[in-house]
Every structure is written in structure tokens, then in C-alpha cells.
1. Considering only C-alpha atoms, what is the centroid distance from region 39-93 to region 152-219, in Å?
2. If the only charges are +1 at each Lys and Arg Cβ and -1 at each Asp and Glu Cβ, what is the size of the charge dipole of region 35-192 around the Cα centre, to the nearest 20 debye?
3. Once you have the alpha carbon radius of gyration of region 59-113, what is it after dividing by 2.2 N^0.38 Å, with N set to its residue count?
4. Kindly flag which residue pairs out of 55/125; 55/192; 139/192; 125/206; 46/125 have an alpha-carbon separation exceeding 18 Å in this structure.
5. For 185, 155, write out the residues from largest to smallest accessible area, computed with a 1.4 angstrom probe and no ligands counted.
6. Given a 1.4 Å probe and heavy atoms of the protein chains only, how would you sort 156, 114, 41, largest accessible area at the top?
7. Convex hull over the Cα atoms of region 100-219, averaged projected area in nm²?
8. For Cα pairs less than 8 Å apart in space and 6+ apart in sequence, what is the mean separation divided by the residue count of region 60-219, i.e. the relative contact order in percent?
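The values are calculated or read from the model by the stated rules, or taken from the named source; none is laboratory data. Values in this document were obtained by computation on a predicted structure and should not be read as measured data. Every residue, glycine among them, receives a Cβ derived from its backbone with ideal geometry; neighbour counts consider all protein chains shown. The protein model used for the area step is the full one, side chains on, heavy atoms only, and it has no ligands, DNA or RNA in it. Shrake-Rupley method; radii C 1.70, N 1.55, O 1.52, S 1.80 Å.
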Amino acid sequence: MAIRRQSSAAASLLLPPVAALLFLWMFGGGHVMAHTEIRNMTALQKHVSFFNRNKDGIITPSETFEGSVAIGFNATYAREFATLVHAANGPITSPADAPLPHLSIYIENMHRGMHGSDTGAFDVKGRFVPQKFEEIFIKHAKTRPDGLTYLEMEDMILANRDPLDPASWEGPQIEWGGIYNVASDNDGFLHKDNARGIYDGSVFVKLEEKRAFSHHSAM
């Protein structure tokens, strides 16, 4: 599938020592705590907090791996996803006095990890911007008004690319491609309510519950 090719290409951008270090950290030691109350979180902080499995305010690579598998990513993709996310966001969200190697993501500083070429549905502080979200479907949902096909999603990603910031192009491809892969319906549509749930993390909870129910029913 296209998403597998995209994830493999993205993972190849990392030097092997970085990936190896991250893999060791995924199953390594502990860290300090940095609690962030959910009621005080921005939408961006809620977006990532699902992956903070122990709710201590700090997301480790192993937690991102676990959360990715929980929503339906296979182990290979989940490992690549965790590698990319933490290599990019760990160093810039970690406070100066955080334990090395600064691969964990500190939710309180998640706004520092915002990248270009996105939809604009988060403002610079990580708050949700409803009108920008609505523009996604007004501009790109051509087949039906409440859902995106894979090609429409690709068109949206390409339309948002900043030509002066090519380093930001890969992030939206990985993020949207991954969500489409696990959250689109049997007819190939990523529904508007699921897309909205990306921005506050609620779709991740739904996907985990759906997957857990399916496993339980199959027993």
C-alpha cells in the first residue's frame, strides 16, 4: 500500500545511529514526571496525550509505539512512526534539564514541534482553529461533503505544502497517511468526524476501543 512506501521512505531519512539509539531508549530506563492537566491542555496537547499511556505528561518512544499499535498500525509501521516522531520532537520539546538523550516528548512544550505545510487548523499556540478545519472539506471534499477519498487527501496535502520549506513536507504525509490507513471506512472515505477527532485525539480513543472490541469478539 502507498502508506507503507511513504513510511519506509520517511524512515530512511534517519541515520542508523539515531534509529538504533531510539530503539534502545524505547525499552530503556525511566524519566521524571511533568504532569499536564487535561482540562488545561490545548487541542494540540490533547492530540498527542493519547500516546502518553501513563499520563505523566511525558511521552516516551515506547509509549508512542504502544499507542500506535493500539490504534491499528502494524508493528513495523508503529516502530518507524515512533522513530520519526521522537527524533523530530523529542529534542525540541525537552527542557534543558531533562535526562539525555532528549527523545521523550514533553506535552507542555508540544507547540514547539509544530511544522509548516499543515492545514492551519492549529494556531501557533496549538489551539484549534475551526474555520481552517472546515476549509479542508470545503476545498477538497469533492466526492461527498463529509469525507475525503485518498486522492482528495493527497490533493489537500499537496495544496498545503510550503515551497520554501521542503523539510516540512514529510510530516503531513506520514500523519494523514497513517490516519487514513486506520480510520477510513470500507468505501475509502475519511469521514469528517474522524478527521476532527485527529485534532483533539478523540479519534485515537475510538480506534483503540474499536480494535479492542474486535479482538474480544473474535475470541
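1. 15
2. Using Cβ point charges on Lys, Arg, Asp and Glu, region 35-192 gives about 300 debye.
3. On the way: Rg = 11.3 Å, N = 55, 2.2 N^0.38 = 10.1 Å.
Relative to the 2.2 N^0.38 Å estimate, region 59-113 comes out at 1.12.
4. Violating the 18 Å limit, Cα to Cα: 55/125; 55/192; 125/206.
5. Details: 185 45, 155 90 Å².
Solvent-accessible surface, decreasing: 155, 185.
6. Listed by decreasing accessible area, they come as 114, 41, 156.
7. Taking the Cα atoms of region 100-219, their convex hull projects to 9.6 nm² on average.
8. Numbers: 171 pairs, mean separation 32.1, N = 160.
About 20 percent, as a whole number.
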